[in-house]
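Working notes, beginning with the structure itself.
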Amino acid sequence: MAVSDFRITQRTLSSEVMSNLQRSLGKLQQIQEQMSSGKVLNRPSDSPTAAVSSLAFRSQLTRSQQYQRNISDGIGWLGIADSTLQSVVSSMQRVRQLAVNGTDGAMSSQDRSALAEEVDQLRAGLVTLANTTYQNRPLFGGNTTSATAYDANGVYQGDAGGVTRTIAPGVQLDVNVTGGAVFGSGASGLFGTLQQLSDDLRTNPANLQGDLTAIDGHMTTILSALGDVGARYRRLETTKNSLDTNVTGLQQSLSEVEDVDLPQVIMQLQTQQVAYQAALAATSKVIQPSLVDFLK
Amino acid sequence: MSDFGALRIALSALYAAQKGLDVTGHNLANVNTDGYSRQTVTTVANAGPLTPALFSKWNDGGQGVTVEDVQRSRDVFLEARSYLEHGADSSLKTVQTTLSNLEQMYGEPSDTGIQQTLADFWGGWQDVANNPGDQSARTQLIQLGGALTTMFNSDASTIAQQRNDAIEQLGTTVNEINTMAANIAQLNGAIQNAQVAGLQTTDLQDQRDLLISKLSDDIGVTARPNANGMVDVYVDGGPLVRGTEAQTLAVDSSGPTVAVRWTKDNYPANSSAGQVGGLLTSINDILPRYATSLDNLATQLRDQVNQVHGAIGGTIAAGNQDLSSAGTLQFNLSVNGTALPAVSVTGADWSGAGGAAALQTALQSALDTATGTPGQVVATVTGGAGSPLKVSLAAANPTDQVTVSAVSGNNGFTTLLGDTLVGLDGVGGRPFFSGTNASTLAVAPGVIADPGTIAAAVASNGPLDGQGALSIGALSASTTGADSTYRSMIVQLGVEAQSANRQVSIQDEVTSQVDSNRESQAGVNLDEEMVSLLQYQHAYSAAARYMTVVDQTLDTLINHTGA
């Protein structure tokens, strides 16, 4: 017998078949893991580069979702500011009308007192509006710790601090309007002017023209603040829309990196099952008839 | 040759055929025995005397057959190769297991790993920034911080546990090696005795070689033949078995680096192959390396957050540096929780050249007066002369904790240290994280006790400001922050594990190739044995037939002639 030939023994056959079966079963297990977890990326070593993209996508996604939360919160702030300022504007229009009525020379001092009474009511209503709270904080108070933005005398209690929301990486937007900037404070402020108007209606109608000018000045400030709030509101909404697109895009990218291509994996599973069955069939043939079966 | 000589030839043929049948039967019996090498019978023809005596000659033919030897079919080169490949294979597999355990521990990428927890933690800061006055946002941030630190703690202890387990496993493996070495030496002795007595040693040799093969799985070995059929086994160049003498190994885990040493002289036996090699790589390289990475990550996160959270300082704008009319500027100072007298600086004009130095001197002397220990808290002032003055305070000894807060009714704090991040109580300079490594990282006890101490506000903006929390939340996007360090650590682990997986599958292939070569050389083939069986059976029948013929011949000669 020639030794140089590669001898095949029964043990070679069976060990080879065993190792092939193992390999085949291993592949089957890998595919089944992918199918059941829905992910091709189950551990970093499956693909280190995909794993790092996946991690980066995830942290970006969490960040973007946080920005979405920040924006929703900011939209809440600006929405309240917007509706409050709208009410302020309609009250102010009534005030202006009353002031114009007061300048009518035909009016008696009693009529003017009645007008002054209504102005006082409106002023009280405006102070309440200026003290509107949101999330337990005075809406127009900046970062103040005080419970209200204005005291009863119309003196500003807040500060000029901005309530800031981060809406994109490195982009921060103030979502508040400070009372000092809209209503002013003390005698020169809106509430001082209204007090003056009420006093003038009662005692000094000659000064009403001057009051009208001051009221118009305040009106302009308030309207421009309203415009500013509207602009910021729109900016937040635009940013929110683009963030939504961004989040969807990130989720898609994440899915592309991590998730299985189902039809492909199902095909692979089928193929692998067939391969495994074939290997099993081969195994049953390993117990080949040897010469033993033919000798008597 | 005498007439009866023919009977002797027949007998020797019967013996030889019988031996052949025995050996074939032995082969068949051991068809599935591990480490068995198939045996073959070598026979030689009995010739006449090789050196005829003087004046005599040998006319007769051969004298039958003798069984010379029973041999193992074994290729020593394949054996040596097999020890080498098996050693490499089991070393790589051990390393692969270690890395795959680490991968399993980090469990990335997932929604529950450190990466996601980190991202949630940074988000928590933004929620606090959105509602600085809200206790629930602060409590939630503490919970998120706690979840993160718990992950660090448990991962650190898992790595430490894994290393301890590996050391224990190393001890068990070394014990196994010592036992096997003793057995090999014993078998060597038996083989020597048998060979000297001229007995068969093939099966003993098989047993010994099987042990050496198992030994090579545990620790890389080389085997060299010694006299009388004995084999010496070497580990890392030193003899583990020499003839009938075996040395023992021991695990030395006293130092930071675990080693395997010879018991007799304490000299290291650093095999890089076999399970021992793989375990040593895991214990001394992979696990400490990943433990250190995790520790570094923990301290990086701690410092990153604490540096922003606890920084004490301020900026005085260029047009605002003449404070001569401000009177005395004051702020409260405490070191390690002990409140000290308020620090007082007399307002002056620091706008000109040298203003920074003058403010620093004034501030330092005021600090020294307050602490009573000159230099314990160090003030640094830079800038000025047309650019903003930057003021900062820090403890000279990094383990000292300095906190500052405003003196009510005095604006000195916001003037000098307005950029300090403060909690709801207006105090700044406290750490958010405590701990020195991954296993001790925790949210600082002070913060847990009072969520209001989370410094979300910049002092000059008032306590309901969220700018401080925003700057900490913005660390999430930092390219040099904990997030990116963590990602590069995971990538490194992934690459290392992937390469280990590939190496193992290649080595598996090589090892099975060598094994099948060896099996091809030494294994029993049933067909072959059946043929041998037939051969020897026929030989036996023929010899028996020959004997009958000789018997009949003699019968004719003795009983039927000369009557």
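Evaluate the distance, in nm, between pseudo-label points positioned 7 Å from the Cα of residue B:76 and of residue B:495 along their respective Cα→Cβ axes.
With each label point 7 Å from Cα toward Cβ, the separation is 4.5 nm.
Starting from the Cα gyration tensor of the range B:308-484, take the square roots of the eigenvalues, sort them a ≥ b ≥ c, and report rounded, prolate or oblate (rounded when a/c is under 1.5, otherwise prolate if a/b is larger than b/c, else oblate).
prolate
With a cut-off of at most 14 other beta carbons within 10 Å, and DSSP calling the residue loop, which trypsin sites (Lys or Arg not before Pro) in the range B:185-273 qualify? Please list them.
Sites meeting the loop and neighbour criteria: B:264.
How big is the range B:80-301 in terms of Cα radius of gyration and Dmax, in angstroms?
Radius of gyration, then largest Cα-Cα span, for the range B:80-301: 25.6, 97 Å.
Find the centroid of the Cα atoms in the range A:182-201 and in the range B:377-430, then give the distance between the two in whole Å.
About 40 Å separates the Cα centre of the range A:182-201 from the one of the range B:377-430.
Within the protein assembly as shown, how many lysine pairs that are 8 or more places apart, or on different chains, have C-alpha atoms less than 28 Å apart?
So the count of such lysine pairs works out to 8.
Compute the acute angle (0 to 90°) between the alpha-carbon long axis of helix B:482-522 and the principal axis of greatest extent of the alpha-carbon atoms of chain B; round to the nearest 10°.
Between helix and principal axis, roughly 0 degrees.
Where the centre of each part is set by its Cα atoms, how far does the range B:205-228 sit from the range B:487-506, in angstrom?
Result: 33 Å between the Cα centres.
Taking each pair of different alpha-carbon atoms in chain B once, compute 1/r for the pair, average those values, and report the inverse of that mean as the Kirkwood hydrodynamic radius in Å to one decimal.
31.5
Any idea what the relative contact order of chain B is, in percent, if you count C-alpha pairs under 8 Å spaced at least 6 apart?
20
Taking 7 Å along the Cα-to-C-beta vector as the label spot, tell me the residue A:128-residue B:7 distance in nanometres, rounded to one decimal.
Here the answer is 14.2 nm between the modelled labels.
Hey, what angle do you get for helix B:5-29 against the long axis of chain B, alpha-carbon based, 0 to 90 degrees rounded to 10?
Result, in degrees: 20.
Any chance you could check the Cα centroid distance between the range A:210-232 and the range A:131-171 for me, in angstrom?
For the range A:210-232 versus the range A:131-171, the Cα centre distance is 19 Å.
5 Å is the cut-off here: which amide hydrogens, built 1.01 Å from N in the peptide plane, fall below it relative to residue B:384, excluding neighbours closer than 5 in sequence?
So residue B:384 has HN proximity to B:389, B:390.
Hey, what does the equivalent ellipsoid look like for the range A:51-255, semi-axes from the Cα gyration tensor as sqrt of 5 times each eigenvalue, largest first, whole Å?
They are 46, 15, 11 Å, listed largest first.
By how many degrees, between 0 and 90 and to the nearest 10, does the Cα long axis of helix B:114-130 differ from the longest principal axis of chain B?
With both axes taken from Cα atoms, the answer is about 10 degrees.
Cα-Cα pairs above 14 Å in the range A:173-222: how many percent?
53
Using amide H atoms built 1.01 Å from N in the peptide plane, name the residues 5+ places from residue B:226, or on other chains, whose amide H lies under 5 Å from its own.
B:231, B:232
Under the rule of at least 5 residues apart or a separate chain, name every residue whose amide H is placed under 5 Å from the amide H of residue A:139.
Residues meeting the criterion, in which the H sits 1.01 Å from N, are A:132, A:133, A:134.
What do the square roots of 5 times the Cα gyration tensor eigenvalues come to for the protein assembly as shown, in whole Å, largest first, as semi-axes of the equivalent ellipsoid?
Over the Cα atoms of the protein assembly as shown, the semi-axes work out to 98, 33, 15 Å.
For the range A:255-269, just list the computed ³J(HN,Hα) in residue order, Karplus coefficients 6.51, -1.76 and 1.60, θ = phi - 60°, integers in Hz, with x standing in for Gly and Pro.
5, 5, 6, 9, 7, 7, 8, 4, x, 5, 5, 5, 4, 4, 4
Lys and Arg at +1, Asp and Glu at -1: add these up for the other residues within a Cβ distance under 13 Å of residue B:506 and post the number.
-2
Throughout, read-outs are computed from the coordinates displayed, never taken from laboratory work. This structure is a prediction, so every number in the text was calculated from the model and none was measured. So basically every Cβ, Gly included, is an ideal-geometry build from the backbone, and we count neighbours across all protein chains shown.
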